[in-house]
Structure formats: structure tokens, C-alpha cells
Amino acid sequence: YLKISKVALAFAIIHSKPPGKSSKEYTEHLAKTVSERDFGWKWKVEVLEAEVLQLRQELLLNKICPRFCLKNNTSAETLLGQESINPMSYSSQLEDSGCDVSNDSAFDSLGIASDFHQSEHNVNTSKQWLENIPPLTLCCNSKEQSLAVPVQFLKNLLEIRKLSEGGILQADFSELENDSFTICNSVSQLLDGLTVFYKSPKFPVSNFLTEAVCVLVSLVTDNKLCNHVLKKCFKKLEEFKKNLIQIILRKNSVNRVSLKH
């Protein structure tokens, strides 16, 4: 049946091809036209799926805490202006790992004792930084656009958690058990977006990506939300961790030590 169908299609193409065009050229033209239509439909489906997920996120937040009001009124232009006024330090983001591949003796000249004390200081500073996560600013370029919705949703979820812990809002987080689809998809989108960025990192890193990482850290370290997240998204988090380790070990642009091995 398949062979007969292929022969019938071949005859149909030969009979319908326009003058001045070979059968091969016309076949390639038809294949391109069909693939473009498929791409258009796929794009429409992806847009609709994204809208559905966003509506489910809003519905879930409303179920958890009906009194919670989404605070997302800042315009993108204002945030872009803030980004340009207060850019992150380019040199601080490209801090050398100390693994100089051009001269092995250079490591000894760095001063091991001073580096040890410096690393202790960095650890303490990092702890303080993670405990005081900055507010989210939805300032992102086209490549980061896919991260904007899940980051905003998870940031709002963390804000509700914080306000409910302080007794300001009444929240029912058992709703997360009833709608595992929304939380799983939101976390998956965040992890996939970060993985894409880490595979082809561009410097300087925007504040938005830094805040996306902060939201992820807060989510998995929160003593109440982490139970829901780890239960539903454990496999995805494991996959993200493995991918990240592989990127760190193998990508020359991320870690220069890979040039030695």
C-alpha cells in the first residue's frame, strides 16, 4: 500500500508540475511549502499552550490565596532603562577560575593561603546574598522571553509564601497537590530556559537571568514549598543537575580547566 501511494504521489507531481520546472525542483518546492505550514501550526499551538499555562498559573495563585494581587505593572521600557543605568560588572562575571592553561606554574604564584581566606569570605557573602534575594524585574530580551512567565509565577508563589509566613495573608498551599501539572510545567520551563542559556552563555549576564537563578534557589530551599516541588519535579531537577555538570566540565567557554583534560 505504501509503495502504491508513493507511485501515485509521484505521478500526481509529474502531471501537475508547472512548465519550466523539473519534477525534483517541484517536489522540493512542495515539501518546503508543507513544512512551512506545519511550522505555522506548531507555532500557533505553542502560543495557545503558553496562554493556557499562564491562565492555569493565575488560577492556581488565586486558589492558594484569593486576596493576593499580582504586582506586575512596571513597564518593560522602564526596566530596560534600569538595566542600562545599573549594568552588572562585566569583569566580575568573567572572574578567572585560577586554572591558567598557558602556564602551570602560575597557579603557585596566586598565593594559596590568601585564596583560601578569600574563598571563605566568598562563601559567607554568597550565603548573605541568597538570604536577601532581590525583587524580580521582568526585563528580558527575546531569548529570555520564554523564562519570563514561569519566573513571574514562581516569584509570586514565593511572595505569597513569605507573606503567609508573616501572618499578612491566609494561604492554602495544599492546592499545589491538586494541580501538579502547573507547578511541574512552570519549573520545567525555568530549567529548560536556563539550560539553553548555559549551553551558549553570553556575557555580561543580564539581571533577569541572575534573578531567575535566585528564584530557583529560593524555591528549592524553601522549607514548605520545596516538599511540593521536589516531589513533583525531582526527575527534572536531577536531569538539570546532570546537564549543568556536563556543561561545566566540557564547555571551554564556561570552564577553562576543560582545556587541560
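The values are calculated or read from the model by the stated rules, or taken from the named source; none is laboratory data. Please read all numbers here as calculations on a predicted model, not as lab measurements. Please note: Cβ atoms are built from the backbone with ideal geometry, for glycine as well, and neighbour counts cover all protein chains shown. When the accessible area is computed, the model is the full protein with side chains, heavy atoms only, and any ligands, DNA or RNA have been set aside. Shrake-Rupley method; radii C 1.70, N 1.55, O 1.52, S 1.80 Å.
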(request) Mark the label point 7 Å from the Cα of K24 along Cα→Cβ and return the residues of the range 1-15 whose backbone N is within less than 18 Å of it. (result) 10-11, 13-15
(request) Taking 7 Å along the Cα-to-C-beta vector as the label spot, tell me the I14-L244 distance in nanometres, rounded to one decimal. (result) 5.9 nm
(message) As an exercise, use a Förster radius of 25 Å and the Cβ-Cβ distance of V205 and I168 to find the FRET efficiency, rounded to the nearest 0.05.
(response) 0.15
(message) Pairs on different chains or at least eight residues apart, Cα atoms closer than 22 Å: how many lysine pairs in the range 1-70 fit?
(response) 11
(request) Report the accessible area of L249, computed with a 1.4 Å probe over the heavy atoms of all protein chains in place, in Å² rounded to the nearest 10. (result) 100 Å²
(message) Suppose every Lys and Arg Cβ carries +1 and every Asp and Glu Cβ carries -1, with no other charges. What dipole size does the range 155-261 come out with about its Cα centre, to the nearest 20 debye?
(response) 860 debye
(request) First measure r as the distance between the Cβ atoms of Y198 and T221, then evaluate 1/(1 + (r/R0)^6) with R0 = 25 Å and state the FRET efficiency to the nearest 0.05. (result) 0.80
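Just check the range 151-235 against the gyration tensor rule for me: Cα atoms, a ≥ b ≥ c as the square roots of the eigenvalues, rounded for a/c under 1.5, and otherwise prolate or oblate depending on whether a/b exceeds b/c.
Oblate, since a/c reaches 1.5 and b/c is not below a/b.
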